[in-house]
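Below: the structure, in C-alpha cells.
The values are calculated or read from the model by the stated rules, or taken from the named source; none is laboratory data. A quick note: this is a predicted structure, and the numbers were derived from the prediction, not measured. Here Cβ is always computed from backbone atoms with ideal geometry, including for glycine, and neighbour counts include all displayed protein chains. Please note that ligands, DNA and RNA were not included when accessible areas were found on the heavy atoms of the full protein model with its side chains. Shrake-Rupley method; radii C 1.70, N 1.55, O 1.52, S 1.80 Å.
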Amino acid sequence: SAGWSVESVLCDVLAHAGAEQCEVITLYYGDSVTEVEAEAVAESVRLHYPAQEVTLLHGSQPYYHYIVGVE
C-alpha cells in the first residue's frame, strides 16, 4: 500500500489483512512517532474497527513507523 499519510496506509493494510474478522489489533509504534501521534492513529483505527480491541504499544523500532499485529 502507498499513500500520503501513515494513517491511510495503515487502514488500507488492515483492510487487506482482514482485520474486521479479527478480535485484536496491536499497533507497535516506532521511535520516529510521538506518543500523541500514535494515540491519534490508534483512535482512528478504533473508529474504523469498533468491534476489535485495539492495543497501542511503544515498540521502539528504529526504521518503521508502525508494526501491526492482527489476531
To the nearest Å², the heavy-atom accessible area per residue of the chain with 1.4 Å probe amounts to 65
Here the relative contact order (percent) of the chain, from C-alpha pairs under 8 Å and at least 6 apart, is 43
Of all DSSP beta bridges with both partners in the chain, the antiparallel percent, nearest 5, is 45
So the carbon and sulfur contribution to the accessible area of the chain, 1.4 Å probe, in percent, is 55
Between ASP12 and GLU71, the two model label points (7 Å from Cα along the beta-carbon direction) sit apart by a distance in nm of 2.8
